[in-house]
């Protein structure tokens, strides 16, 4: 990210551009919208392959453990708190 970019600005761009693209190409039966909330953490370069593997198998992974369960475990393990504007 550049010095003038924030996670909030980057997420706004990603969500806006991807929603536009999904809707323009009719990938969903109904209008696609992102949820209001998002979660972002930084990842060291040494962990990129592990993150890519997680994303690749995310659907299978969440068949065993819900996103909410994993999210709560992650937040507790690393002591994160939910930020509310």
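Laid out as a table, the results:
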{"read-out": "Computed lengthening from residue 39 to residue 68, 0.36 nm per intervening residue step minus Cα-Cα distance", "value": "9.2 nm"}
{"read-out": "Helix-only [θ]222 nm of the chain, DSSP H runs n ≥ 4, -39500 (n - 2.57) each, per residue, nearest 500", "value": "-16500 deg cm²/dmol"}
{"read-out": "Debye intensity ratio in log₁₀ form over the Cα atoms of the stretch 1-40, taken at each q of 0.15, 0.30 Å⁻¹", "value": "-0.42, -1.01"}
{"read-out": "Span from the the stretch 1-35 Cα centroid across to the the stretch 50-64 one, whole angstrom", "value": "21"}
{"read-out": "Ratio Rg/Rh [Cα only; Rh per Kirkwood] for the chain", "value": "0.99"}
{"read-out": "Residue order, fewest to most surrounding Cβ atoms within 10 angstrom, among 46, 19", "value": "46, 19"}
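Since every read-out is calculated from the coordinates, none of them should be taken as a lab result. Since the structure is predicted, the reported quantities are computational estimates derived from the model, not experimental observations. Here Cβ is always computed from backbone atoms with ideal geometry, including for glycine, and neighbour counts include all displayed protein chains.
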